[in-house]
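*Asks:* Before we start, here is the structure in question, set down as structure tokens.
The values are calculated or read from the model by the stated rules, or taken from the named source; none is laboratory data. Because the structure is a prediction, the values reported are computed rather than measured. Virtual Cβ from ideal backbone geometry, glycine too; neighbours counted across all protein chains shown. To get the accessible areas, we keep the full protein, side chains included, count just its heavy atoms, and leave off ligands, DNA and RNA. Shrake-Rupley method; radii C 1.70, N 1.55, O 1.52, S 1.80 Å.
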Amino acid sequence: MRESIFGYMPDGRAVRQFTMQNEQVEISLIAYAGAIQSFKVGGTDIVCGFDTLEGYLQDTSHQGALVGRYANRIADGRFTLNGKEYQLEKNAGGGTVHLHGGAHGYSRRLWEVLSVGEDTVTFHMDSPDGDSGYPGHLVLDVTYRLLSDGILIDYTATTDAPTPANFTNHAYFNLRGCGGGEVMDAKVQILADEYSPLDETMIPTGHAAVAGTVYDLNTPVRLGDRMKDGFPGFDNNYLLRPLDKEVFDGVRLPKVAEVTDGGLRLSVYTDQPCLQFYMACSLKGNYPFKGGALPARYTAYCFEAQTEPNGPNRGEAILTPSEVYRQTTAYRVKKA
């Protein structure tokens, strides 16, 4: 484990950086956004992001970040819980939806560093009652653990009052490297029989079978082959049909997705019911990524393990004081 200072917040607080390395991978984490800042395999950095803190402070695309209190979208930025209506910030869809905890969500904050081990870092978020409009005092700990060929992320949260709870990591991958260009040659597989069709504000309208549609990724599909007839690219929730669980480094999780490109294979494992697959359809920015390339459409993809979007309006994804939220997700990379 190597520790350094990545930069300083506008109020002078130091942003700590932690780098973990073994024979296969080298991964750097920063306390701002609890983000994965780099993920190097054989010298190739497969996660997009920035060389300096300034890039992350200007970014609005959640590069590598931990997202909450509710990942993905909530319709009209509102929900009713125990007979009380809560209004959240509407920060996406032209002011029609609440996205990723709002403009001041967890991906826009400096996390506390709770503990550091030889191959682990635990970040801590203390989220008070009323934070971004959400009820309940929520405490969230997220532990990153270096694996022999990747990274494992453990989430644990508690609350003193019922509240929506849905967290994810928003890493943007490109197996050809950050700044490696469009990902049209990447072959993607997602194990799911159903996906969530969307209305004009990207809120799910129900479930539909993927069979016979452009959304069927049960066998590996070259992304460029689906970009036809005006299809804008993937930004969709999949209801997972995971394979049998696999054991690696003492952790037992089902594999739910895989992508192959640039001589590498990234496998995604999670205990979550859903996966948002986002093809960076709206990625843009004027602050250069690592390597100098500007953020651009279709130059990365995200595999966001989570519960289904808009869950609070279906009475889902509500954490109560009698429960402990737990999630485990892992990303493993090998030569293809």
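*Asks:* Within region 278-336, work out how many residues are hydroxyl-bearing (Ser, Thr, Tyr) and at positive phi.
*Replies:* 1
*Asks:* Still on this structure, please answer the following. Here is a check on your reading of the model: is Ser282 open to solvent by 20 Å² or more (accessible area, probe 1.4 Å) and either closer than 24 Å to Arg145 by Cβ or touching a residue at least 12 places away in the same chain (Cβ under 8 Å) (or both)?
*Replies:* Considered against the rule, which asks whether it is open to solvent by 20 Å² or more (accessible area, probe 1.4 Å) and either closer than 24 Å to Arg145 by Cβ or touching a residue at least 12 places away in the same chain (Cβ under 8 Å) (or both), Ser282 comes out as yes.
*Asks:* A further question follows. Taking only pairs six or more apart or across chains, which ones have beta-carbon atoms under 8 Å, a first residue in region 245-262 that is touching a residue at least 24 places away in the same chain (Cβ under 8 Å), and a second residue that is among the hydroxyl-bearing types (Ser, Thr, Tyr) and open to solvent by 50 Å² or more (accessible area, probe 1.4 Å)?
*Replies:* Phe248/Ser148; Asp249/Ser148
*Asks:* How many residues are of a type in the set (S, T, N, Q), open to solvent by less than 80 Å² (accessible area, probe 1.4 Å), assigned to a loop (DSSP other than H, G, I, E, B) and under 22 Å from Met184 (Cα atoms) when one looks only at region 198-244?
*Replies:* Looking only at that region, the number is 2.
Residues are listed down the side, and each one gets a yes or a no for (1) in a strand (DSSP E or B); (2) at pLDDT below 95; (3) more than 26 Å from Ala186 (Cα to Cα):
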residue: Ile5; (1), (2), (3): yes, no, yes
residue: Gly12; (1), (2), (3): no, no, yes
residue: Gln17; (1), (2), (3): yes, no, yes
residue: Met20; (1), (2), (3): yes, no, yes
residue: Glu26; (1), (2), (3): yes, no, no
residue: Leu29; (1), (2), (3): yes, no, no
residue: Ile36; (1), (2), (3): yes, no, no
residue: Phe39; (1), (2), (3): yes, no, no
residue: Gly49; (1), (2), (3): no, no, no
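*Asks:* Next up: If the Cβ limit is 8 Å and pairs must be 6+ apart or interchain, which residue in region 84-112 that is touching a residue at least 60 places away in the same chain (Cβ under 8 Å) pairs with which residue that is surrounded by 15 or more Cβ atoms within 10 Å (Cβ to Cβ) and acidic (Asp, Glu)?
*Replies:* Qualifying pairs under 8 Å: Thr96/Asp76; Val97/Asp76.
*Asks:* Here is a follow-up. The conditions are (1) open to solvent by less than 10 Å² (accessible area, probe 1.4 Å); (2) over 24 Å from Pro295 (Cβ atoms); (3) part of a strand (DSSP E or B), and His124 fails exactly one of them. Which is it?
*Replies:* Evaluating His124 over (1) open to solvent by less than 10 Å² (accessible area, probe 1.4 Å); (2) over 24 Å from Pro295 (Cβ atoms); (3) part of a strand (DSSP E or B) leaves (1) as the failure.
*Asks:* Taking Arg314, is it over 20 Å from the mean Cα position of the chain (by Cα), among the basic types (Lys, Arg) and either buried (at least 23 other Cβ atoms within 10 Å of the Cβ) or within 30 Å of Lys84 (Cβ to Cβ) (or both)?
*Replies:* yes
*Asks:* Can you pull out the residues in region 285-311 that are more than 30 Å from Gln24 (Cα to Cα), of a type in the set (D, E, K, R) and open to solvent by 30 Å² or more (accessible area, probe 1.4 Å)?
*Replies:* none
*Asks:* Take the residues of region 169-189 that are touching a helix residue (DSSP H, G or I) at 6+ places or on another chain (Cβ under 7 Å) and farther than 17 Å from Glu304 by Cβ: which is most open to solvent (accessible area, probe 1.4 Å)?
*Replies:* So in region 169-189, the residues touching a helix residue (DSSP H, G or I) at 6+ places or on another chain (Cβ under 7 Å) come out as 170, 183-186, 188.
The next check asks that each one be farther than 17 Å from Glu304 by Cβ; those that pass are 184-185.
Working: Met184: 35, Asp185: 77 Å².
Ranking the qualifying residues of region 169-189, first place goes to Asp185.
*Asks:* If you go through region 139-168 one residue at a time, how many are β-branched (Val, Ile, Thr) and either open to solvent by less than 30 Å² (accessible area, probe 1.4 Å) or touching a Cys at 6+ places or on another chain (Cβ under 7 Å) (or both)? Reasoning before the result, please.
*Replies:* Of the residues in region 139-168, the ones β-branched (Val, Ile, Thr) are 139, 142-143, 151, 153, 156, 158-159, 163, 168.
Going one step further and asking which of them are either open to solvent by less than 30 Å² (accessible area, probe 1.4 Å) or touching a Cys at 6+ places or on another chain (Cβ under 7 Å) (or both), we end up with 142, 151, 153, 159, 163, 168.
Qualifying residue count for the region: 6.
*Asks:* Tyr106 is checked against (1) farther than 30 Å from Thr260 by Cα; (2) open to solvent by 20 Å² or more (accessible area, probe 1.4 Å) and fails just one. What number does that condition carry?
*Replies:* Only one criterion in (1) farther than 30 Å from Thr260 by Cα; (2) open to solvent by 20 Å² or more (accessible area, probe 1.4 Å) is unmet by Tyr106, namely (2).
*Asks:* Check Leu253 against each of (1) within 18 Å of the chain's Cα centre (by Cα); (2) crowded, with 16+ Cβ neighbours inside 10 Å; (3) modelled with pLDDT of 95 or more; (4) part of a strand (DSSP E or B) and name the one condition it does not meet.
*Replies:* Only one criterion in (1) within 18 Å of the chain's Cα centre (by Cα); (2) crowded, with 16+ Cβ neighbours inside 10 Å; (3) modelled with pLDDT of 95 or more; (4) part of a strand (DSSP E or B) is unmet by Leu253, namely (3).
*Asks:* I need the full set of residues from region 148-184 which are in a strand (DSSP E or B) and either β-branched (Val, Ile, Thr) or at pLDDT below 95 (or both), in order please.
*Replies:* Answer for region 148-184, where residues must be in a strand (DSSP E or B) and either β-branched (Val, Ile, Thr) or at pLDDT below 95 (or both): Ile151, Ile153, Thr156, Thr158, Thr159, Thr163, Thr168.
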